[in-house]
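Notes for the one structure printed next.
The values are calculated or read from the model by the stated rules, or taken from the named source; none is laboratory data. Because the structure is a prediction, the values reported are computed rather than measured. Here the Cβ positions follow ideal geometry from the backbone for every residue, glycine too, while neighbour counts run over all protein chains shown.
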């Protein structure tokens, strides 16, 4: 009897230990984050059914700049920017006789140009996004199906001489769906024009710099990134990868945010708030089989596999060569813009950037994405930031660079 009891006790201990091991393994996989640094940001917005991430992210970036400088929270109008920018883009497309891309997409450059040349207004000075068509959020489904054929007809038509009336037609479509941009408005008891309102925000657009990292142009030189949605000829400064990543960290450490443009079509970017540069070949647990099977999984199945492996997901090692290869073979594209505002670590010490998205309070972290530094290193098209966030001699160097641009 004593032997039986002893055996049961031993088996019970073994079962308990096994259960604890499994529990510990599960807890080890489940990602948990500790915030290292989080700079102030304005509220999470929702671009909804519109290709305006470039607009929402860059406007959010400048709202953060104002918040840092003045302590005041502004809600700036993304649809004002969209209205002005799509007219500028239509004019450019027509001047190019249709030999450019006319689309909903854009970049941080567009917001800078609009503010410099047209100003901006607060959100309350225009109809709320989507309300003109009976929606509660931005919805470009009908809008661009109307606008694009109109612009393309003008740009690729058989006319030997255009009148200026085509612009009137474009402006009418823009105003019908986005709302008419105000010439004058009252905000907090004071009357403004869009330009005088922008001037009141005390933003010096000469303070901002776009940085990238590719080898098909010389390092420490300016070039226009060859990406479909970057139609404005605004230059970015080219530096080695490690320097670009150090710049991001320096800017964040000094209390400033970074506007990020890059690729989120990668398998490692999930809809739940996580982005990891997953090394599929060295992570068979991602598929239960092999890398070949991974390619056959749906986007949702891949996201579920990543979540299952969690903090144990092995990552690709970023390198200058791999970045260039992925850019040149179209594996890494430019398709989204977001706002980097902080740094976090998971329980295994892996570091992530905390990134504000413009898809509303979705995902596991209410609109924030945790994007690993390896993912950012491999998939960044450009970063845009305030050069005053760079201290000392480096700031002086970038000041000279901007003067000689």
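Among the residues of region 115-139, those identified as assigned to a loop (DSSP other than H, G, I, E, B) and in contact with a helix residue (DSSP H, G or I) (Cβ under 6 Å, 6 or more places away or on another chain) are 119, 120, 121, 126, 129. Of all residues in region 296-325, those satisfying the criterion of being buried (at least 18 other Cβ atoms within 10 Å of the Cβ) and at pLDDT 95 or above are 318, 323.
The combined condition, being surrounded by 14 or more Cβ atoms within 10 Å (Cβ to Cβ) and within 26 Å of residue 87 (Cα to Cα), is not fulfilled by residue 248. Return yes or no: is residue 137 touching a strand residue (DSSP E or B) at 6+ places or on another chain (Cβ under 8 Å) and either exposed (fewer than 15 other Cβ atoms within 10 Å of the Cβ) or within 25 Å of residue 359 (Cβ to Cβ) (or both)? Judged against the criteria, residue 137 is a match. Going through 95, 101 one at a time, which residue ends up being without any contact (Cβ under 8 Å) to a residue 12 or more places away in the chain, out of contact with any strand residue (DSSP E or B) (no Cβ under 8 Å at 6 or more places or on another chain) and under 28 Å from residue 235 (Cβ atoms)? That would be 95, the only listed residue that is without any contact (Cβ under 8 Å) to a residue 12 or more places away in the chain, out of contact with any strand residue (DSSP E or B) (no Cβ under 8 Å at 6 or more places or on another chain) and under 28 Å from residue 235 (Cβ atoms). Highlighted here are the strands (runs of 3 or more DSSP E) found entirely within region 166-243 that include at least 3 residues which are touching a residue at least 24 places away in the same chain (Cβ under 8 Å) and surrounded by 12 or more Cβ atoms within 10 Å (Cβ to Cβ): 208-212, 236-238.
Determine, yes or no, whether residue 112 is part of a helix (DSSP H, G or I), farther than 18 Å from residue 47 by Cβ, in contact with a strand residue (DSSP E or B) (Cβ under 7 Å, 6 or more places away or on another chain) and at pLDDT 95 or above.
Values: part of a helix (DSSP H, G or I): yes; farther than 18 Å from residue 47 by Cβ: yes; in contact with a strand residue (DSSP E or B) (Cβ under 7 Å, 6 or more places away or on another chain): yes; at pLDDT 95 or above: yes.
Taking the combined requirement at face value, the residue satisfies it.
Of all residues assigned to region 255-263, none qualifies as being touching a residue at least 12 places away in the same chain (Cβ under 8 Å), under 17 Å from the mean Cα position of the chain (by Cα) and part of a helix (DSSP H, G or I). The one condition from (1) surrounded by 12 or more Cβ atoms within 10 Å (Cβ to Cβ); (2) touching a residue at least 40 places away in the same chain (Cβ under 8 Å) that residue 153 does not meet is (2).
Can we say residue 93 is surrounded by 17 or more Cβ atoms within 10 Å (Cβ to Cβ) and more than 23 Å from the chain's Cα centre (by Cα)? Against the criterion (surrounded by 17 or more Cβ atoms within 10 Å (Cβ to Cβ) and more than 23 Å from the chain's Cα centre (by Cα)), residue 93 qualifies. Exactly one residue out of 68, 37, 72 is assigned to a helix (DSSP H, G or I) and either under 21 Å from residue 371 (Cα atoms) or over 18 Å from the mean Cα position of the chain (by Cα) (or both): that is 68.
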